[in-house]
1. Please report, ordered by residue number, the strands (runs of 3 or more DSSP E) entirely within the range 227-306 with at least 1 residues that are out of contact with any Phe, Trp or Tyr (no Cβ under 8 Å at 6 or more places or on another chain) and touching a residue at least 24 places away in the same chain (Cβ under 8 Å).
2. What is the number of the single condition among (1) farther than 21 Å from residue 221 by Cα; (2) touching a His at 6+ places or on another chain (Cβ under 8 Å); (3) within 16 Å of ligand 2 (Cβ to nearest atom); (4) β-branched (Val, Ile, Thr) that residue 147 does not meet?
3. Residue by residue through the range 162-172, note down the ones that are farther than 14 Å from residue 208 by Cα and away from ligand 2 (no atom under 11 Å from the Cβ).
4. Could you tell me whether the range 138-150 includes any residue that is in a strand (DSSP E or B) and among the aliphatic types (A, V, I, L, M)?
5. Listed residues 322, 402; which is under 30 Å from residue 78 (Cβ atoms), outside any strand (DSSP E or B), aliphatic (A, V, I, L, M) and in contact with a helix residue (DSSP H, G or I) (Cβ under 8 Å, 6 or more places away or on another chain)?
6. In the range 142-176, what residues are aliphatic (A, V, I, L, M), without any contact (Cβ under 8 Å) to a residue 40 or more places away in the chain and in contact with a Ser or Thr (Cβ under 8 Å, 6 or more places away or on another chain)?
7. For the range 183-206, how many residues are polar (S, T, N, Q), touching a Pro at 6+ places or on another chain (Cβ under 8 Å) and away from ligand 2 (no atom under 15 Å from the Cβ)?
8. If a residue has to be over 25 Å from residue 115 (Cα atoms) and assigned to a strand (DSSP E or B) to count, how many in the range 10-52 make the cut?
Amino acid sequence: MPSTLPDGDPVPSSGELPESALAGLGTRPFGFYVHVPFCVTRCGYCDFNTYTASELGPGASHADYAGTAIEEVRRARAILGGAGPRVETVFFGGGTPTLLPARDLVRILGAIDEEFGLAPGAEVTTEANPESVGPAYLAELRRGGFTRMSFGMQSAREHVLAVLDRRHTPGRAVQAVREARAEGFEHVNLDLIYSTPGESDDDWRASLAAAIEAGPDHVSAYSLIVEEGTRLAARIRRGELPMPDDDVAADRYLIAEEMLTGAGFGWYEVSNWATSPQARCRHNLLYWTGGDWWGVGPGAHSHVGGTRWWNVKHPAAYAGRLAAGASPAHAREVLGPEDRAVERLMLELRLADGFPLAGIDRPIVVARALGGGLLETEPFKRGRAVLTLRGRLLADALVRDLVG
Ligand SMILES: C[S@@+](CC[C@H](N)C(=O)[O-])C[C@H]1O[C@@H](n2cnc3c(N)ncnc32)[C@H](O)[C@@H]1O
Ligand code: SF4
């Protein structure tokens, strides 16, 4: 979740949603995102809405945060009304959710279950920095109903971690996966970053090999994005580090595909690979396929039935709104049918299942993409646009042409 908030329409202080949003609620999968906006230090590349101070004012300190987040869960129930939809997925992200005691994360999950009910077999994930958890912490999460851990490994090379300002040793993420497995987590993800300045092809191969060796059932691999206003952007501007190169990033992507496929992973979204369909992240799939979710926490974004809103950014402002009995939403937008169709194309074309050709309005661009080897031939004959490997490398440009 980037830290800059867009403008939008005002939200009533009750947070009440338009009727169009509530229509059909419960017929689409429903999830919760819980943002925890705290980190020990800020990594130089990171633009997420996170704070290194532990005292951010009443309701927003580490100690109070769970209670404040639970307040928003209760408001969500009041706004969505009735029995509320059952919750298929919950995702705690950050920041570093695991900076809070495990019992706080379990309490927030408990409130979601109490207010809405978790569906049988619900997926409950938390992100974690590898150095922030140990076996006892993981055991408490597992007992408390968490089913999936997502560790930020980023790289297995010390010098790459140093450029990224990461605090853990290369080996810690690998050990954390083993500990999570030992504590009964069936699903474990590792996040990796490629094309960091100073990283070689061999460094990237070593990171992938270490990640695979650790035994996760899911890997996310992202090209390093240089976000405006970060320490990394300043270092590049001053000439201390080179700008990541697009061609290098494309080569690294091909290496990831080759090594992950060789190890039994299959891509299911351009930046995500899993060892089986059951190992795919159901929460992210819900985002990418037009599902409904409520985002709890400062700066968190939500989407219900075509209405999108986002909370105030600072934890103190967020806690203050809730303490005053008001909605923490900062602004919102109601998407029309056309906006929703464009958004679904942008997200679903990145999935291995692809997008129905009938929903794409640009026959010439589609024909060019097929001729240029960006779309698979067999699915095309069955009426679906599915990216080839070359298409995955050029996905952003193709999507721009298709919606532009
Ligand atoms: C914001 S972090 C939160 C999880 C946790 N705090 C951590 O760092 O592991 C989620 C993931 O986003 C990815 N990420 C964040 N900023 C990025 C950037 N500028 N470029 C590429 N990936 C980024 C990283 O892979 C990271 O693991
Ligand atoms: S630990 Fe994660 S959320 Fe925190 S600053 Fe680093 S990348 Fe961002």
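1. Counting at least 1 such residues, we get 266-269, 272-274.
2. Exception for residue 147: condition (3).
3. Listed by number, the residues that qualify are 162, 163, 169, 172.
4. Yes: one or more hits.
5. 322
6. 161
7. Looking only at that region, the number is 1.
8. Residues that pass the stated criteria total 3.
The values are calculated or read from the model by the stated rules, or taken from the named source; none is laboratory data. What you are looking at is a predicted structure, and each value in this text was computed from that prediction instead of being measured. Because the Cβ atoms are built from the backbone with ideal geometry, glycine has one as well, and the counts that use them run over all protein chains shown.
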